[in-house]
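Please read the structure below before turning to the comments.
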Amino acid sequence: MKIDRLIGILSVLLQKEKVTAPELAKKFEVSRRTISRDIEDLCKAGIPLVTVPGQNGGISIMEGYKVDSTLLTSDDMQAILAGLRSLDSVSGSNRVAQLMEKLSAGASTLMPGAQNILIDLASWYKESLAPKIEIIRQAMDQHNVLSFRYYGPKGESRRVVEPYYLIFRWSSWYVWGYCRSREDYRLFKLNRMEDLVTGEPFAARTVPLPDLSDERIFPGGIPVKALFEQDCKWRLVEEFGTGCFEEQADGRLLFRGDYTDPENLLTWLLTFREKVILLEPEELREKLLASLEKTIKRYREE
């Protein structure tokens, strides 16, 4: 993968004052022409690289911008490598790990061998997720639009999107792009996307970074009070932390929280079955009771 090679080239330049294109081509097992394109891409990305021709020439980071390799401590590099290796858990390959093993040859202090941080970004949908990410990455690299079927709360729709960012947040993968049907930037969850097809090229826009703060995506507004049985404590701690409830004299847990979507709240409460009683808000309590009565009636009729 190209991004792996670009990271690798930068790692090499942090360790050596100067390196030649043939050396890089041999290390990464590609042609000199490919290395030349990589150097050009790094320069376009704002990395100040200098290429000097001739017998004693080579490629280096511009003087004055040189990052002191001692600034990358072993702990720093451990964290960086753990993050890079986590990409393998998404793609299902070990390409990043192989790249890092090549770079660690020669016992460099920047590339420690032992790894004690493991990050797995895969999901239950790993088999379908990896091909989607590959298609989206190619579309972003080549500036091609993406067309796909999207399953949302309001139904299914066909979307055409100019993709700009792949994002891992809230334990899920998303793509951020300009939706042509909505004429605005939108965040799409990969697990809800199907039948991905790349289309014609598009002219890149000046793209705003998505606001991924919890306050922006989950603004709250529905104060909730509910009473949980004691054996629900582990779930409340896992999902909301230890400060979300007060233990009562009878052992039950008085939960207080703030929810954004009433339907999501009711669905969440139902996962606890008979082990929770919603106290507030009153209107949702009545709605939950009506839903339970309909469910009981349906089961009895069946």
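The values are calculated or read from the model by the stated rules, or taken from the named source; none is laboratory data. Just so you know, these numbers come straight off a predicted model, no measurement behind them. Every residue, glycine among them, receives a Cβ derived from its backbone with ideal geometry; neighbour counts consider all protein chains shown.
Odds and ends about this structure:
- Residues that are more than 30 Å from residue 239 (Cβ to Cβ), surrounded by 17 or more Cβ atoms within 10 Å (Cβ to Cβ) and not hydrophobic (A, V, I, L, M, F, W, C) within the stretch 148-177 comprise 159, 162, 163, 164, listed in sequence order.
- Qualifying residue in the stretch 180-196 (condition: touching a strand residue (DSSP E or B) at 6+ places or on another chain (Cβ under 6 Å), at pLDDT below 95, of a type in the set (A, V, I, L, M) and surrounded by fewer than 18 Cβ atoms within 10 Å (Cβ to Cβ)): yes
- Residue 165 part of a strand (DSSP E or B) and either touching a Lys or Arg at 6+ places or on another chain (Cβ under 6 Å) or polar (S, T, N, Q) (or both): no
- Here the stretch 220-235 is the region considered, the condition is being in a helix (DSSP H, G or I) and farther than 17 Å from residue 267 by Cα, and the residue that is nearest to the chain's Cα centre (by Cα) is 234.
- Residue match in the stretch 178-185 (condition: out of contact with any helix residue (DSSP H, G or I) (no Cβ under 7 Å at 6 or more places or on another chain), assigned to a loop (DSSP other than H, G, I, E, B) and in the same structural domain as residue 279 (by TED's automatic domain parsing)): no
- Residue match in the stretch 33-49 (condition: among the charged types (D, E, K, R), in contact (Cβ under 8 Å) with a residue 12 or more places away in the chain and either under 14 Å from residue 12 (Cβ atoms) or not in a helix (DSSP H, G or I) (or both)): yes
- From the list 5, 85, 95, the lone residue that is modelled with pLDDT of 65 or more, among the charged types (D, E, K, R) and in contact with a helix residue (DSSP H, G or I) (Cβ under 7 Å, 6 or more places away or on another chain) is 5.
- Of all residues in the stretch 141-151, at least one satisfies being under 29 Å from residue 37 (Cα atoms) and modelled with pLDDT under 90.
- Counted residues, the stretch 14-32 - those being modelled with pLDDT of 80 or more and assigned to a helix (DSSP H, G or I): 9
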